[in-house]
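The values are calculated or read from the model by the stated rules, or taken from the named source; none is laboratory data. On a predicted model such as this, the values are computed, not experimentally measured, just so you know. Don't worry about glycine lacking a Cβ; one is built from the backbone with ideal geometry, like all the others, and counts go over all protein chains shown. Only protein heavy atoms, including side chains, enter the accessible area calculation; ligands, DNA and RNA are left aside. Shrake-Rupley method; radii C 1.70, N 1.55, O 1.52, S 1.80 Å.
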Amino acid sequence: LLSVLCLGDCQLHTSCGIQKCTTDFVSFTSHLNTALEDFDLEFCKALRAYSVCTYRNSKVCRGNLVYHSAVLGIGDLMTQRNCTKDGPTSSTNPEMTYDPCNYSGHTEVREHQGGDKTPPPTYLFCGLFGDPHLRTFKDNFQTCKVEGSWPLIDNNYLSVQVTNVPVVPGSSATATNKITIIFKSYQDCTDQKVYQAVTDDLPAAFVDGTRSGGDGNTRNLHIVEKVSGKYIEMHARYIGTTVYIRQLGHYLTLAIRMPQELVMAYEESQDLQLCVNGCPSSERIDQSGNLPLPVVGKLLPWGAAAHPLSGYTLETATTKCHEKMLVKDIYFYSCVFDLLTTGDANFTAAAHSALQDVEALHPSKEHWHIFPRSGGGSVGRDSKFFVSLGLLCLILVAYL
């Protein structure tokens, strides 16, 4: 008899549905923002639904302390929010609220509605810095001329255009002195916003003077000034995109992370995108990712004379770059290339900051560092190409 009573009592406690009631309430309210005008209305609807759920479970939960605590808590919250006992309630079978202006939440919504596990979105990274060096969305590293205006990105959501100017007379190398970004209008999340930065004018606002797009409370699109006149970030929540822009010396750098499915949302007429397809072969300075290091007083491998007043030898440029970058990856060699080409030490900071941006935005840590290709076409820390080039440079300099 005692065994039967114990089993019956345990069964009553097991069938108490207070946990489901609480889970539903959390689902109703997790997306609410206290700054929104309809917060109290929606919160009261959720509380009434919570109250109805507890009432339905009153008999089976009569000996459950969690249940009684919940009932008391509901009463207190309804008093605090001036909620009436009668009125509309949230659905007893809640579905996740779809927020079209929150890209990161889209996967969760699709997963909830479809029932199947949906893989998280894939993010891609692109960066441009220095003379200029381009890291494409495919993690290809290129050094290009691309003088004038060129599209980095041009899809259905975003357009990014850069303007590059020659750095030193007699060299094909250029650097970026202007960046124009267009965030295209998207549903009710934001109207079209245009941002423009030029050398010595890196504003913390769009061209219309605003610092955000769409509803200011939800911050669907906004600009954050990190260092006045030197470093800004743009966060586009509705398309899951982050942009960093810096000014280092006289030139600008850019880094961007964007979801792959949005990166690939473009028409055939928009296929000239440096971040997507890289630089045209006629605009490439590097040789399949290898940077030809210039020798002072000699012809550069691409046919232009090195700037004789750069002030750096291969040894001093290597030492200078090694102060900022301990790993001899492609960013390190880009720094050496830029110092030998221009003599401008600001390019050291540009290469270092570009690597920092990779570490902040690139989704795959194992791909942060890109190493020069060896003669066999593989990727490794040591490059015979650079070793032989370095020795050749030192020998030539010795005989000048």
**OP:** At 7 Å along the Cα-to-beta-carbon direction for both Q356 and V165, put a label point, then send me their distance in nm to one decimal.
**Re:** 2.5
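Quick one: with all protein chains in place, what share of the accessible area of region 17-81 is carbon or sulfur, to the nearest percent (1.4 Å probe)?
56
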Original post:
Residue by residue through region 225-231, which ³J(HN,Hα) values in whole Hz follow from phi under the Karplus form 6.51 cos²θ - 1.76 cosθ + 1.60 (θ = phi - 60°), with glycine and proline marked x?
Top reply: 8, 8, 9, 3, x, 10, 7
**OP:** Tell me the label-point distance for the pair R56, K184, using the 7 Å Cα-to-Cβ offset, in nm and rounded to one decimal.
**Re:** 4.5
**OP:** Note down the accessible area of V358, probe 1.4 Å, to the nearest 10 Å².
**Re:** 0
Original post:
Using θ = phi - 60° and the Karplus form 6.51 cos²θ - 1.76 cosθ + 1.60, what ³J(HN,Hα) does each residue of region 61-73 get, whole Hz, x for Gly and Pro?
Top reply: 9, 4, x, 9, 5, 4, 4, 5, 5, 5, 4, 4, x
Original post:
How many nm is it between the label spots at Q270 and E147, if each spot is 7 Å from the Cα in line with the beta carbon?
Top reply: 3.0
Subject >> Residue among G170, S212, S159 farthest towards the positive dipole end of region 154-251, charges placed on Cβ >> reply: G170
**OP:** Give me the number: length gained by fully extending S364 to T23, i.e. 0.36 nm times residue separation minus the C-alpha to C-alpha distance, one decimal in nm.
**Re:** 119.4 nm
Original post:
region 228-275: which GluC sites (Glu not before Pro) are DSSP loop and have at most 13 other beta-carbon atoms within 10 angstrom?
Top reply: E267
Subject >> Extended-chain gain in nm, criterion 0.36 nm per residue less alpha-carbon gap, L32 and K230 >> reply: 67.7 nm
Subject >> Debye intensity ratio I(q)/I(0), log10, region 17-81, q values 0.15, 0.17, 0.21, 0.25 Å⁻¹ (C-alpha model) >> reply: -0.45, -0.57, -0.81, -1.07
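Using a Förster radius of 41 Å, what is the FRET efficiency between T79 and D191 based on their Cβ-Cβ separation? Nearest 0.05, please.
Numbers: r = 41 Å, r/R0 = 1.01.
Taking R0 as 41 Å, the efficiency between T79 and D191 is 0.50.
Can you tell me the FRET efficiency between D200 and D40 if r is taken as the Cβ-Cβ distance and R0 is 41 Å, rounded to the nearest 0.05?
On the way: r = 48 Å, r/R0 = 1.18.
Computed FRET efficiency for D200 and D40 comes out at 0.25.
Can you give me the accessible area per residue for region 164-231, using a 1.4 Å probe, in Å²? Display every interim value, and only then the final one.
On the way: 3170 Å² over 68 residues.
Here the per-residue accessible area is 47 Å².
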**OP:** Could you give the size of the charge dipole of region 145-220 about its Cα centre, using +1 on the Cβ of each K and R and -1 on the Cβ of each D and E, expressed in debye and rounded to the nearest 20?
**Re:** 140
Subject >> Cα Rg, Dmax (largest Cα-Cα span) when computed across region 181-260, Å >> reply: 12.3, 39
**OP:** For each pair in K145/K230; K138/K184; K145/K320; K193/K365, compute the distance between the two Cα atoms and list the pairs where it is over 26 Å.
**Re:** K193/K365
